[in-house]
Amino acid sequence: GYVVQGGSTLSQQLIKNVFLTPEQTYRRKIQEMMLAIWLEYKFTKTEVLETYLSRVYFGGGAWGIEAASQTYFGKDGKDLSVSEAAVLAGLLKAPSRYNPASNPNAAGTRTAVVLSAMERAGYLDASEQYAALQMPVAIERPSSDNSANHFTDWIWNELIAAVGVPSQDIVVQTTLDRDAQMSA
């Protein structure tokens, strides 16, 4: 009798992110389910996953897996190690909370969870999982000042809650004063 979060398939999440707003109504959920059925009829699971990973937010201003790979590791996605890929996969649950640049302990714990799930699902054997857990992951430190990234992540969530996912370019004015922030 009430609305809760979660329970969406990957196809439903893609539909919500691309075509619909995040409002929590039965009408939007029904639209999401119908469009997800259409999506799964028209595209393969691999195509749905590729599209999702190209559009989802990974934190730190990175939209899509390739941008996240460049942002966090300074390399192309095709060149990621298993450990680095697990770091990025772990970000999807909560990009700000598991950001490896700002919260390496939480990111490391989440990466271990992802690697364990990969082993249970048969994508890694036990020795590969162990090797990935032991491999150091070097996070690329941004050469520019990205101190506003956490604020930007927070504003994005507030924007989505207030107006939904923008379907066109918009201007958002905030209270962030970069000069005052740098002085602080």
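Take Met135: with every protein chain present and a 1.4 Å probe, its accessible area is about 90 Å². Per residue, the chain exposes 66 Å² of accessible surface when a 1.4 Å probe is rolled over the protein heavy atoms with every protein chain present. Sorted from longest to shortest, the spans of the Cα atoms of the chain along the three principal axes equal 50, 47, 32 Å. Ignoring the sites themselves, the chain has its longest run without GluC sites (Glu not before Pro) in a DSSP loop having at most 14 other Cβ atoms within 10 Å at 24-139. Normalising the average separation of contacting C-alpha pairs (under 8 angstrom, six or more residues apart) by the number of residues puts the relative contact order of the chain at 19 percent. Kirkwood Rh over alpha-carbon pairs of segment 69-125, then Stokes-Einstein at 10 °C and 1.306 mPa s: what D in µm² s⁻¹, rounded to an integer? D = 139 µm²/s.
Simple spin-label estimate for Ala94 and Ile37 gives 3.5 nm between the two label positions (7 Å along the Cα-to-Cβ direction from each Cα). So what's the net charge close to Ser96: Lys and Arg +1, Asp and Glu -1, counting the other residues with Cβ under 13 Å from its Cβ? Spelling it out: positives minus negatives among the neighbours equals +1. Using the rule -39500 (n - 2.57) for each DSSP H run of four or more residues, divided by the residues of the chain, the 222 nm mean residue ellipticity is -17000 deg cm²/dmol.
Within the chain, the longest segment free of exposed loop sites, counting trypsin sites (Lys or Arg not before Pro) that fall outside DSSP classes H, G, I, E and B and have at most 15 other Cβ atoms within 10 Å, spans 98-184. Within the assembled protein chains, the solvent-accessible surface assigned to Tyr72 is about 10 Å², based on a 1.4 Å probe.
Evaluate the charge dipole of the chain about its Cα centre and quote only its size in Debye, nearest 20, assuming +1 on the Cβ of each Lys and Arg and -1 on the Cβ of each Asp and Glu. It works out to roughly 540 debye. When the surface is traced with a 1.4 Å probe over the full set of protein chains, Asp179 keeps roughly 120 Å² accessible. Taking the 1.4 Å solvent-accessible surface of the chain as the whole, the part contributed by carbon and sulfur is 54%.
Between Trp154 and Ala101, what is the FRET efficiency for a Förster distance of 25 Å, r being their Cβ-Cβ separation, to the nearest 0.05?
0.95
Beyond 18 Å, what share of the Cα-Cα pairs of segment 20-122 is found? Please give it as a whole percent. Considering segment 20-122, 57 percent of its Cα-Cα pairs are separated by more than 18 Å. Set Lys and Arg Cβ to +1 and Asp and Glu Cβ to -1, take the dipole of the chain about its Cα centre, and tell me which of Leu35, Thr175, Tyr72 lies farthest positive. The listed residue farthest towards the positive side: Leu35.
The values are calculated or read from the model by the stated rules, or taken from the named source; none is laboratory data. All figures in this text were calculated on a predicted structure; none of them were measured in a lab. Reconstructed Cβ throughout: ideal geometry from the backbone, glycine too, with neighbour counts over all protein chains shown. Accessible surface areas use protein heavy atoms only, side chains included; no ligands, DNA or RNA. Shrake-Rupley method; radii C 1.70, N 1.55, O 1.52, S 1.80 Å.
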